[in-house]
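The values are calculated or read from the model by the stated rules, or taken from the named source; none is laboratory data. This one's a predicted model, so the numbers in the text were calculated from it and none came from an experiment. Note: ideal-geometry Cβ built from the backbone for every residue, glycine included; neighbour counts use all protein chains shown. Areas reflect the complete protein model, heavy atoms only, side chains present, ligands, DNA and RNA absent. Shrake-Rupley method; radii C 1.70, N 1.55, O 1.52, S 1.80 Å.
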Amino acid sequence: VQLQASGGGLVQSGGSLRLSCAASGSIFNRNRLGWYRQAPGKQRELVAMVFSDTIINYRDSVKGRFSISRDNAKNMVYLQMNSLKPEDTGVYYCNLVVVDSGTSYWGKGTLVTVSS
């Protein structure tokens, strides 16, 4: 499985960005997809996760501002980020976890920089 994230960039505080992650391989469906981020000098943290339309989780600091979605037909996962804050700055990674085995796949990150 290969994951490729895109859509990062420089944006002013209060702005929006939409991240996309394209996945190759045949195991996209029925597995957990997530977006993580890592700020300089900090550990990687989960931002949002989607398993199905009814199983979606967000970290508290992004609730109401970020929205994760997946398109199984296109093997894509998205992260819509609104009302961005400087503390949202970091490298964003998409992640796929095979539910049956627990195997985790990571893509190369995309940098998001929010200026104040």
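Of the accessible area of the chain, with the probe set at 1.4 angstrom, what percent is carbon plus sulfur?
Values: 2960 of 6270 Å².
That share works out to 47 percent.
Taking the Cα of residue 59, stepping 7 Å toward and past its beta carbon, and measuring to each backbone N in the range 101-116: which are under 20 Å?
Counting only backbone N, you get 104-116.
Any idea how many Lys pairs in the chain come in under 23 angstrom at the alpha carbon, given 8 or more places apart or on separate chains? Let's see the in-between values first.
Working: 42/63; 42/85; 42/108; 63/85; 74/108; 85/108.
Count of close lysine pairs: 6.
When a/c reaches 1.5 or more, the comparison of a/b and b/c decides; with that in mind, is the range 64-116 rounded, prolate or oblate per its Cα gyration tensor?
Working: a/c = 2.60, a/b = 1.77, b/c = 1.47.
Here the range 64-116 falls in the prolate category.
How large is ³J(HN,Hα), in whole Hz, for each residue of the range 96-103 in order, when computed from phi with the Karplus curve 6.51 cos²θ - 1.76 cosθ + 1.60 and θ = phi - 60°, using x for Gly and Pro?
Running phi through 6.51 cos²θ - 1.76 cosθ + 1.60 with θ = phi - 60° gives 10, 10, 6, 4, 5, 10, x, 5 Hz.
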